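For reference, the structure discussed in these notes is given below.
The values are calculated or read from the model by the stated rules, or taken from the named source; none is laboratory data. If you're wondering where the values come from, they're calculated on a predicted model, not measured in any experiment. Cβ coordinates were reconstructed from backbone atoms using ideal geometry, including for glycine residues, and neighbour counts include every protein chain displayed. Just so you know, the surface numbers come from the protein's heavy atoms only, side chains and all, with ligands and any DNA or RNA stripped out. Shrake-Rupley method; radii C 1.70, N 1.55, O 1.52, S 1.80 Å.
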Amino acid sequence: MPLLPRMFMVLVSALLWITPAPAAELSGRYDLTLVLAVDCSGSVSGTEFRLQTGGIAAALRDPEVVAAALSGPNGRIGVNLLLWGDPDYQKFSSGWYEIDTAAKALAFADVVEGFDSRMGGGTGLGIAVAYGISLLESSGAITNRKVIDVSGDGIESYEIRQPKFLLKDAQLMRAKAGVVINALSIHNEDENLAGYYRTYLAAGPGSFVMDVANYDDFKEAIRLKLLREIRPLTAFLEPAHK
């Protein structure tokens, strides 16, 4: 077996040591499958968590965002909310939701808004990205574009257990899977976070980082970010892969 596939399988095995493999929940062709990965580490208060989920929910109710979700060749996208925090803590996912009507976008917005914060501890970016990739790879969808949308307020912190699974390891998985990572950095803890995200987190064709000064600015930023992510891009119009 070539080195990269062998390494990929080792990393997947390490990931699954932490969390069970998710089950397929979508079928057929989609214009985009999108994991919304929300920071729930110890630096994020309950109020700040609600500003994130409330901002995402408001964006999903925005007519322009809904129109973008329905505007692709297949007229539908798949979305999944992922809560991440300490690298050694369990991850929580909403499961996959199909958005092919305005009503379904509103229904998913209600799910996001009603999700409870269940995390704490350190900032496990590597495991979070790896679990997001596993969600995308097991979704059941055939899509041209697989994206993880990360929002957070800190750099990666290290796990206690062995083997350590870090962001550099997750980037190997990302490259193998053809996943794009975009990020929204929230500067209330670290004014240099956007630079860190650009260097170590955002990756893949067309990837980008947006930044805001604090959680109060999150709502409008995530709306603009989702529009940029969801709208069809000619750079991604290539043969669909699963």
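In summary, TYR131 fulfils each of the numbered conditions (1) of a type in the set (Phe, Trp, Tyr); (2) within 19 Å of LYS225 (Cβ to Cβ); (3) surrounded by 24 or more Cβ atoms within 10 Å (Cβ to Cβ) with the single exception of condition (2). Condition first: free of Cβ contacts under 8 Å to residues at least 40 places away in the same chain, open to solvent by 30 Å² or more (accessible area, probe 1.4 Å) and touching a strand residue (DSSP E or B) at 6+ places or on another chain (Cβ under 8 Å). Can you find one or more residues in region 157-175 that meet it? Checked region 157-175: at least one residue is free of Cβ contacts under 8 Å to residues at least 40 places away in the same chain, open to solvent by 30 Å² or more (accessible area, probe 1.4 Å) and touching a strand residue (DSSP E or B) at 6+ places or on another chain (Cβ under 8 Å).
Against the conditions (1) surrounded by fewer than 19 Cβ atoms within 10 Å (Cβ to Cβ); (2) modelled with pLDDT under 90, PHE208 satisfies every one except (2). Annotation note: of TRP84, TRP96, the sole residue that is under 15 Å from the mean Cα position of the chain (by Cα), closer than 15 Å to LEU34 by Cα and crowded, with 22+ Cβ neighbours inside 10 Å is TRP96.
Are any of the residues in region 89-106 closer than 14 Å to SER41 by Cα, in contact with a helix residue (DSSP H, G or I) (Cβ under 8 Å, 6 or more places away or on another chain) and either in a loop (DSSP other than H, G, I, E, B) or modelled with pLDDT under 95 (or both)?
Within region 89-106, the subset closer than 14 Å to SER41 by Cα is 89-92.
Subset that is in contact with a helix residue (DSSP H, G or I) (Cβ under 8 Å, 6 or more places away or on another chain): 90-91.
With the extra rule that they be either in a loop (DSSP other than H, G, I, E, B) or modelled with pLDDT under 95 (or both), the set shrinks to 90-91.
Checked region 89-106: at least one residue is closer than 14 Å to SER41 by Cα, in contact with a helix residue (DSSP H, G or I) (Cβ under 8 Å, 6 or more places away or on another chain) and either in a loop (DSSP other than H, G, I, E, B) or modelled with pLDDT under 95 (or both).
So for region 179-189 (the condition being outside any strand (DSSP E or B) and buried (at least 20 other Cβ atoms within 10 Å of the Cβ)), does at least one residue qualify? Within region 179-189 (the criterion being outside any strand (DSSP E or B) and buried (at least 20 other Cβ atoms within 10 Å of the Cβ)), the answer is no, since none of the residues qualifies.
Pairs linking a residue in region 64-86 that is free of Cβ contacts under 8 Å to residues at least 40 places away in the same chain to a residue that is in a loop (DSSP other than H, G, I, E, B), with Cβ atoms under 8 Å and 6 or more positions apart or on different chains, are LEU70/ARG76; LEU70/ASP100; LEU70/THR101. Suppose the filter is outside any strand (DSSP E or B), modelled with pLDDT of 95 or more and open to solvent by less than 50 Å² (accessible area, probe 1.4 Å); does VAL147 pass it? So VAL147 does not fit the description; no. Among the conditions (1) modelled with pLDDT under 95; (2) in contact with a helix residue (DSSP H, G or I) (Cβ under 9 Å, 6 or more places away or on another chain), the only one that GLY121 does not satisfy is (2).
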